[in-house]
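The values are calculated or read from the model by the stated rules, or taken from the named source; none is laboratory data. Just so you know, these numbers come straight off a predicted model, no measurement behind them. Using ideal geometry, Cβ is built from the backbone for each residue, glycine included, and neighbour counts are taken over all protein chains shown. Heavy atoms of the whole protein, side chains included, go into the accessibility calculation; ligands, DNA and RNA do not. Shrake-Rupley method; radii C 1.70, N 1.55, O 1.52, S 1.80 Å.
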Amino acid sequence: MTRSYIWPLGNRISHVLMILLFVASYLSGDEDELLGYHAVFGITLGILILFRILWGLFGTKYSRFSDFDFSIKNLLDYMSSILVKTKSHMGHNPASSWAIIAMLIVGLLSIASGLLAYGVGENHGIFAYLHLSYYKDTEVFEELHELFVNMFLAIIIVHIVGSLIAKFFRADDGINSMITGYKNRENISSIKSNIFSKIFQIIWIAVSIGVFIYLLGNKDNIFMHNENKSVNYETLNNTFYNECGSCHIAYPPYLLPKRSWVAMMGNLKNHFGDDASLDEKSRVEILNFLVKNSSENSTHQVALKISKSIESEKFTIIAMTKTAYWKAKHKHIDSKVFLSQDVKNRANCAACHKDIEKGMMENDLIGLPKGLRV
């Protein structure tokens, strides 16, 4: 048996980076405050996948798609004898050939659908221009992204299981070769990297790492740029800002629907236990402003989800903290956090949403006060 050099260093480094980025992206996907990092991990993974596709066209012998075994007959034969020790493949076996193509395609679909969901739902990045037209369909894009990501995960799991079976039942050294670059074979079949492939590998890894660092340090890039604009409520409606903001923060009107504002402004004598009565002119002015900018008239994702969460409620909810959406989003936060000196109560949104009085409820602007833990 002779050690044959099969996988070049760039190939192997990219393989490891893709694994790490997928894991990081998957684990950060459900945490709102990590959405920015989730986007960074996903976009960088997409860059690596694109380079891998180019490498499959112009790379070294066993990395090229032309060397893959796409024969259905060979795939069926391989799968039927998967637990039997047979002759090993120099490059990719039929199962891994299909798995890699599936991962590359579904991986790109996962990234593309993620960018679509990010643009439509969050109004961020290259697809933010679709936000105004499709923001009400944001759940469709989110579900599509989740579908592709779970398909991606399933293919990865099958690929890993297949590799482990090949290693322990077929005595194949495929997993080891992705670490060392070498396979033990009867004949010498080592690859030879020309200057072009060496330069490409350097660019492949350098660009991917460079993009990751750039995205991490500059969230205002083309892929993640925030198209949501801050609002100066003091200028927009001075009466609302001064009257409502004199006792608590000036909550963005889109946090409640029209009927909630009508109910609240219709009973200011009992405003959460306090008398917040106003002269009729001011009351009507503020009510009209709140109704005009209520959740039904906003494209903010938070506004849409709040409206949907309470539209079936029999009773009119006038406290955002009583909505099903708010409860679901904050259920993982320890009640001690809300009772802490820095937060004090559940209605103090500004403790974590720093720019809420500017109408900004961005996921990447969420931050607990120092010393507090969720």
>> Angle check, please: helix 301-310 long axis (alpha carbons) against the longest principal axis of the chain (alpha carbons), in degrees 0 to 90, nearest 10.
In response: 70 degrees
> Each residue of region 124-135 in turn: what ³J(HN,Hα) in whole Hz from Karplus with 6.51, -1.76, 1.60 and θ = phi - 60°, glycine and Pro shown as x?
Replying inline: 10, x, 5, 9, 5, 5, 8, 4, 5, 7, 10, 4
>> Can you compute the charge dipole magnitude of region 224-364 about its Cα centre, using +1 on each Lys and Arg Cβ and -1 on each Asp and Glu Cβ, nothing else charged? Give it in debye, rounded to the nearest 20.
In response: 540 debye
> What translational diffusion coefficient, in µm²/s and rounded to a whole number, does the Stokes-Einstein relation yield for region 169-208 at 10 °C and a viscosity of 1.306 mPa s, taking the hydrodynamic radius as the Kirkwood radius over Cα pairs?
Replying inline: 128 µm²/s
> For the chain, what is the calculated [θ] at 222 nm in deg cm²/dmol (nearest 500), taking -39500 (n - 2.57) for each run of four or more DSSP H residues and dividing by its residue count?
Replying inline: -17500 deg cm²/dmol
> What does the charge dipole of region 1-105 about its Cα centre add up to, to the nearest 20 debye, if the Cβ of each Lys and Arg holds +1 and the Cβ of each Asp and Glu holds -1?
Replying inline: 800 debye
> Met18 accessible area, nearest 10 Å², 1.4 Å probe?
Replying inline: 40 Å²
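Which loop-located GluC sites (Glu not before Pro) does region 245-348 contain, where loop means any DSSP state but H, G, I, E or B and the Cβ has at most 11 other Cβ atoms within 10 Å?
Numbers: sites: Glu280, Glu285, Glu296, Glu311, Glu313; in loops: Glu311, Glu313.
Answer by residue number: Glu311.
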>> Could you report the accessible area of Lys292 in Å², rounded to 10, computed with a 1.4 Å probe on the protein chains as they sit in the structure?
In response: 150 Å²
>> My understanding is that a pair violates if its Cα-Cα distance is over 22 Å; which of Lys292/Lys358; Lys219/Lys358; Lys269/Lys305; Lys229/Lys305; Lys136/Lys258 do that in this structure?
In response: Lys269/Lys305
> Ignoring ligands, DNA and RNA, how do Arg346, Arg3 rank by accessible area with a 1.4 Å probe, largest first?
Replying inline: Arg3, Arg346
> Picking from Ile318, His271, Asn288, whose Cα lies most toward the positive end of the charge dipole for the chain (charges on Cβ: Lys, Arg +1; Asp, Glu -1)?
Replying inline: Ile318
>> If you count only protein heavy atoms and use a 1.4 Å probe, how large is the accessible surface of Leu147, to the nearest 10 Å²?
In response: 90 Å²
>> If you split all Cα-Cα distances of the chain into 10 Å bins from zero, what percentages do you get per bin, shortest first?
In response: 5, 19, 24, 18, 13, 11, 7, 3, 1, 0
> When averaged across all projection directions, what area in nm² does the alpha-carbon convex hull of region 288-339 cover?
Replying inline: 4.6 nm²
> With θ set to phi - 60° and the Karplus curve 6.51 cos²θ - 1.76 cosθ + 1.60, what are the ³J(HN,Hα) couplings of region 243-259 in order, to the nearest whole Hz, using x for Gly and Pro?
Replying inline: 6, 6, x, 6, 10, 8, 5, 7, 5, x, x, 6, 7, 9, x, 3, 4
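Take the Cβ-Cβ distance between Asp279 and Phe196 as r, set R0 to 45 Å, and report the resulting FRET efficiency rounded to the nearest 0.05.
Computed FRET efficiency for Asp279 and Phe196 comes out at 0.05.
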>> Between region 119-153 and region 312-329, what is the separation of their alpha carbon centroids in Å?
In response: 25 Å
>> Treating only the Cβ of Lys, Arg, Asp and Glu as charged (+1, +1, -1, -1), what charge dipole size does the chain show about its Cα centre? Round to the nearest 20 debye.
In response: 1340 debye
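Take the Cα pairs of region 191-293, get the Kirkwood Rh, then feed it into Stokes-Einstein at 10 °C and 1.306 mPa s and tell me D in µm²/s.
Working: Rh = 18.1 Å.
The calculation lands on 88 µm²/s.
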>> Using a 7 Å offset from the Cα along the Cα-to-Cβ direction at both Phe70 and Ile179, what is the distance between the two label points in nm, to one decimal?
In response: 3.3 nm
>> In the chain, if the dipole is taken from +1 on Lys/Arg beta carbons and -1 on Asp/Glu beta carbons about the Cα centre, which of Leu45, Gly359, Asn226 is farthest to the positive end?
In response: Leu45
> What are the residues whose amide H is under 5 Å from the amide H of Ile366, where those residues sit 5 or more places off or on another chain and H is modelled from the backbone?
Replying inline: none
> Going toward the positive end of the dipole of region 106-170, with +1 on Lys and Arg Cβ and -1 on Asp and Glu Cβ, which of Leu144, Ser163, His124 do you reach last?
Replying inline: Ser163
>> Per residue of region 228-241, what does 6.51 cos²θ - 1.76 cosθ + 1.60 with θ = phi - 60° give for ³J(HN,Hα)? Whole Hz please, x for Gly and Pro, Karplus curve as stated.
In response: 6, 9, 5, 10, 9, 5, 5, 7, 5, 8, 4, 5, 4, 4
> If you bin the C-alpha pair distances of region 244-359 every 5 Å from 0, what whole percents do you get?
Replying inline: 2, 11, 20, 24, 22, 15, 6, 1, 0
>> What number comes out for accessible area per residue over region 183-222 if the probe is 1.4 Å? Units Å², please.
In response: 66 Å²
> In degrees between 0 and 90, to the nearest 10, how far off the longest principal axis of the chain does helix 280-292 point, with axes built from Cα atoms?
Replying inline: 20 degrees
>> Probe radius 1.4 Å, ligands and nucleic acids left out: which of Leu76, Leu144, Leu339 has the largest accessible area, and how do the rest follow?
In response: Leu339, Leu76, Leu144
